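Trainee: I am attaching a structure below and will ask some questions about it afterwards.
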Amino acid sequence: MVARILDGKALSARLRARVRQRAEAIAQHGLQPGLAVVLVGENPASQLYVNNKVRACVESGVRSLRYNLPRQTSETELLALICRLNADEQVHGILVQLPLPDHIDVRRVLETIAIEKDVDGFHAQNVGHLTLGHPRLPSCTPAGVMALLDDAGIDPAGKNAVVIGASNIVGKPMALMLLSRGATVTVCHAQTRDLTQHTVLADIVVVAAGCPKLVQKQMIQSGAVIVDVGINRLPDGSIVGDVDFDQVKTKAGWISPVPGGVGPMTVTMLMENTLRAAEYHQSARLAE
C-alpha cells in the first residue's frame, strides 16, 4: 500500500482562485482587501516567509503593504505602527512576522493588533472564540490542515486523533479544531513519556514538533492519516518534515508531503482570513 497524497499545493491554487473571485466581487463595491505585513530584522527564513505571503496576495487579489523595520526597532515604535494600522480603514489584516527580536514582548505585540484585523488568529479573543467553537479568524496552519482533511473527504468525527506539539500557534488550536469536529484528541509534547503508545492507536496524526523524521513507520497504524506540519532544514540543505516520509508513506492511508503539503495551505488560509476580515468590515460599514 502506498499512501494517497494530501496535496496542499494543488488545493491552495484552487482556494486562492476562489479568494480572488470573492475579492474582485467586493472590489466592485469599492473595497479591496488589504494586508499589512510587518517584518522586524533581517532573519532570512522570515524574509522568505514574508515574500511568499506577498506573492500569495498578488495571486489572491489582496493588496499588500510591507513594512521592513530594522532589528533595533523599539517595542514602542512597533506598537505605534500597529496602532496606526489598526486605525487605517484600507488595512483589513495585520500580520507581524514571528519570531521578533528578544527585546520585544511578543504577547504585547499580538494583543495590540485589533481583534478584527488579527488574521493570524493569535489574539486571545480569537483563541477564545475558537475554544468556544465559533472561530472568527482561525489560526492559519490548523485551519489549513482542516481544509486538507475536508478536501480529501476525511471526517474527524469519531476518530482518534493525536497532535504532536502543544504550541499556541499550531498544537493547541489544532487540538481544539479536531475536538470541535468530533474527534477524540490526545495532545503529545516534549514531556510525553511514550509517544508511540499514543500514535499507534491514532486514526489521524498531526505532527508539529520541529524534529526531523520524528514519526517512523512502526509508530503508526496501517491506513492512518498523517499530516506533517514540520519544516526542517538538514545540514545538506534539504528540507524535510517531522515524518519519515519515505517509510511512513508505505503504511499510511493518507500523508502530506514536505514541502508541498501544509505550508502552502497556511499562506492560503491567511488570504482567506484577510478576505473574511474585509467582508466583516464591509458588512459593518453597510450596517451603519
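The values are calculated or read from the model by the stated rules, or taken from the named source; none is laboratory data. Computed from a predicted structure; not experimentally measured. All Cβ positions, even for glycine, are placed from backbone atoms using ideal geometry, and neighbour counts span all protein chains on display.
Trainee: Among the numbered conditions (1) charged (D, E, K, R); (2) without any contact (Cβ under 8 Å) to a residue 24 or more places away in the chain; (3) under 29 Å from Val229 (Cα atoms), tell me where Arg16 comes up short.
Mentor: Every listed condition holds for Arg16 apart from (2).
Trainee: Another question, then. Does region 147-163 hold any residues that are in contact (Cβ under 8 Å) with a residue 40 or more places away in the chain and part of a loop (DSSP other than H, G, I, E, B), and which are they?
Mentor: Correct list: Ala152, Ile154, Pro156, Lys159.
Trainee: Is it the case that region 137-147 has a residue that's aliphatic (A, V, I, L, M) and more than 14 Å from the chain's Cα centre (by Cα)?
Mentor: Within region 137-147, not a single residue is aliphatic (A, V, I, L, M) and more than 14 Å from the chain's Cα centre (by Cα).
Trainee: Moving on. Test each condition in (1) free of Cβ contacts under 8 Å to residues at least 12 places away in the same chain; (2) closer than 30 Å to Lys251 by Cα; (3) not aliphatic (A, V, I, L, M) for Arg4 and report the one that comes out false.
Mentor: Failed condition: (1).
Trainee: Tell me which residues, restricted to region 109-123, are out of contact with any strand residue (DSSP E or B) (no Cβ under 6 Å at 6 or more places or on another chain), hydrophobic (A, V, I, L, M, F, W, C) and touching a residue at least 40 places away in the same chain (Cβ under 8 Å).
Mentor: The one that is out of contact with any strand residue (DSSP E or B) (no Cβ under 6 Å at 6 or more places or on another chain), hydrophobic (A, V, I, L, M, F, W, C) and touching a residue at least 40 places away in the same chain (Cβ under 8 Å): Phe122.
Trainee: Still on this model: What single numbered condition from (1) surrounded by fewer than 19 Cβ atoms within 10 Å (Cβ to Cβ); (2) closer than 23 Å to Lys53 by Cβ fails to hold for Gly158?
Mentor: Going through the list (1) surrounded by fewer than 19 Cβ atoms within 10 Å (Cβ to Cβ); (2) closer than 23 Å to Lys53 by Cβ, Gly158 breaks only (2).
Trainee: Do we have any residue at all in region 183-197 that's part of a helix (DSSP H, G or I), in contact (Cβ under 8 Å) with a residue 24 or more places away in the chain and more than 29 Å from Lys53 (Cβ to Cβ)?
Mentor: yes
Trainee: Would you mind telling me which numbered condition in (1) outside any loop (DSSP other than H, G, I, E, B); (2) touching a strand residue (DSSP E or B) at 6+ places or on another chain (Cβ under 9 Å); (3) surrounded by fewer than 20 Cβ atoms within 10 Å (Cβ to Cβ); (4) in contact (Cβ under 8 Å) with a residue 24 or more places away in the chain Leu35 fails?
Mentor: Answer for Leu35: the failing condition is (3).
Trainee: Do the conditions hold for Ala25, that is, is it farther than 22 Å from Thr141 by Cα, assigned to a helix (DSSP H, G or I), at pLDDT below 95 and not β-branched (Val, Ile, Thr)?
Mentor: It is true that Ala25 is farther than 22 Å from Thr141 by Cα, assigned to a helix (DSSP H, G or I), at pLDDT below 95 and not β-branched (Val, Ile, Thr).
Trainee: Checking the condition assigned to a loop (DSSP other than H, G, I, E, B), at pLDDT 95 or above, in contact with a strand residue (DSSP E or B) (Cβ under 8 Å, 6 or more places away or on another chain) and within 19 Å of Cys211 (Cβ to Cβ), which residue from Ala166, Ala175 passes?
Mentor: Testing whether each residue is assigned to a loop (DSSP other than H, G, I, E, B), at pLDDT 95 or above, in contact with a strand residue (DSSP E or B) (Cβ under 8 Å, 6 or more places away or on another chain) and within 19 Å of Cys211 (Cβ to Cβ) leaves just Ala166.
Trainee: Being more than 28 Å from Gln21 (Cβ to Cβ), among the hydroxyl-bearing types (Ser, Thr, Tyr) and in contact with a helix residue (DSSP H, G or I) (Cβ under 9 Å, 6 or more places away or on another chain) is the requirement here; does Thr141 meet it?
Mentor: no
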